[in-house]
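Computed from the coordinates by the stated procedures, all read-outs in this text should not be read as laboratory data. Since we're looking at a predicted model, the values are computed, not measured. Methodologically, a virtual Cβ is constructed for each residue, glycine included, from the backbone with ideal geometry; neighbour enumeration extends over all protein chains shown.
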Amino acid sequence: MKEDIIKEIVFDSVEEINHMLHHKLNLSMDEILLGPDDKLDSVNLIRLIIIIEQEINTRLNINITLANSKAFSEKESPFRTIGSLINYISFLITQES
């Protein structure tokens, strides 16, 4: 259940950030957010993260920080694709519970 809500939050946030981009992100689990062939610069990646954090707080009443030291110490970045970001958020929320 929460995974569906998290996916909805992330996709809604991507749609919101798309209004600021020349090259729109696809609403696909495989869409690359960070790395080769990405469509986001660092500023827009941070904007996306902030929008997602705010939406999680609003919709789920959970205060979460996505850009933390754990995220940046992972061998494979949780920000690599939309799918990896959704999995990372699900993991963090499970840890909070």
Q.
Using a 10 Å cut-off around each Cβ, can you sort 43, 14 from fewest to most neighbouring Cβ atoms?
A. 43, 14
Q) Counting only residues 5 or more places away or on other chains, whose amide H sits under 5 Å from the amide H of residue 32 once H atoms are built in the peptide plane? A) none
Q. Of 38, 12, 30, how do they rank once you tally other Cβ atoms within 10 Å and put the fewest first?
A. 30, 12, 38
**Q.** In order through region 33-39: 3J(HN,Hα) via Karplus (6.51 cos²θ - 1.76 cosθ + 1.60), integer Hz, x for Gly, Pro
**A.** 9, 9, x, x, 6, 6, 10
Q. Could you give me the ³J(HN,Hα) list for region 87-96, computed from phi with Karplus coefficients 6.51, -1.76, 1.60 and θ = phi - 60°, whole Hz, x at Gly and Pro?
A. 4, 5, 4, 4, 4, 4, 5, 4, 5, 6
Q.
Which three numbers, in whole Å and largest first, are the semi-axes of the equivalent ellipsoid of region 2-96 derived from its Cα gyration tensor as √(5λ)?
A. 19, 16, 12
Q) When only DSSP loop residues count, what GluC sites (Glu not before Pro) in region 1-64 have their Cβ near at most 12 other Cβ atoms within 10 Å? A) none
Q) With θ set to phi - 60° and the Karplus curve 6.51 cos²θ - 1.76 cosθ + 1.60, what are the ³J(HN,Hα) couplings of region 75-85 in order, to the nearest whole Hz, using x for Gly and Pro? A) 4, 10, 4, x, 9, 4, 9, 4, x, 5, 5
Q: Starting with the fewest neighbours, write out 73, 84, 90, 13 ranked by other beta-carbon atoms found within 10 Å of each beta-carbon.
A: 73, 90, 84, 13
